[in-house]
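Notes follow the structure.
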Amino acid sequence: MKKIIISLFIVEILIACSKDTVELQNTVTAYNKMLVEALAKPDENIMEYFTSDDELARIGAYILRLKTEKKIMISEIVKLEFVSIAVSDDKKNATVNTREEWNYHFVDDKTRERVTENETIEYENIYKLVNEQKHWVVDGIEVKEK
């Protein structure tokens, strides 16, 4: 009986851990897909559900800079590999390490004509996430260009 209880406890822990992992991977994946859309529209408010207020402000500042330069970023995430995921004991904070490959170029905001050539860039990112209102949101990113 004791072995059964211990086994059930271990299974419960593994299920809880994998649930957090899947939720965090889904959040980072959705964040990146919505970032592509937010930069192309350009409208940072699309990101509201996936970001903290601070991260939303950071994205908004970047979009504002692009608007003043009269450019829009057209991007595509080519590769998103999850390297590691760590969740705090209280399940309020998490860190997700990724390797990413992106293609992007800029277009004129009025004519939509391309103003730069296509570029490919690789990153090793560290996403900082917080659990807000019962779902994970991106609170910040440490970007390391390869």
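The values are calculated or read from the model by the stated rules, or taken from the named source; none is laboratory data. Because the structure is predicted, anything quoted here is derived from the model rather than measured. Glycine gets a Cβ as well: all are built from the backbone with ideal geometry, and neighbour counts include every protein chain shown.
The table that follows gives values for the structure above.
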{"item": "Hits in region 120-146 - residues which are at pLDDT 95 or above and out of contact with any strand residue (DSSP E or B) (no Cβ under 6 Å at 6 or more places or on another chain)", "result": "ASN131"}
{"item": "Members of region 33-67 that are surrounded by 17 or more Cβ atoms within 10 Å (Cβ to Cβ) and farther than 21 Å from TRP136 by Cα", "result": "LEU39, PRO42, ILE63"}
{"item": "Scope region 68-84; condition among the charged types (D, E, K, R), touching a residue at least 12 places away in the same chain (Cβ under 8 Å) and over 19 Å from VAL143 (Cα atoms); matching residues", "result": "LYS70, LYS71"}
{"item": "Among residues of region 68-93, those that are surrounded by 13 or more Cβ atoms within 10 Å (Cβ to Cβ) and polar (S, T, N, Q), counted", "result": "2"}
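For every residue, the table says whether it meets (1) in contact with a strand residue (DSSP E or B) (Cβ under 7 Å, 6 or more places away or on another chain); (2) more than 26 Å from VAL115 (Cα to Cα); (3) at pLDDT below 95; (4) not aromatic (Phe, Trp, Tyr).
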site: MET47; (1), (2), (3), (4): no, no, no, yes
site: ASP53; (1), (2), (3), (4): no, yes, no, yes
site: GLY60; (1), (2), (3), (4): no, no, no, yes
site: MET73; (1), (2), (3), (4): yes, no, no, yes
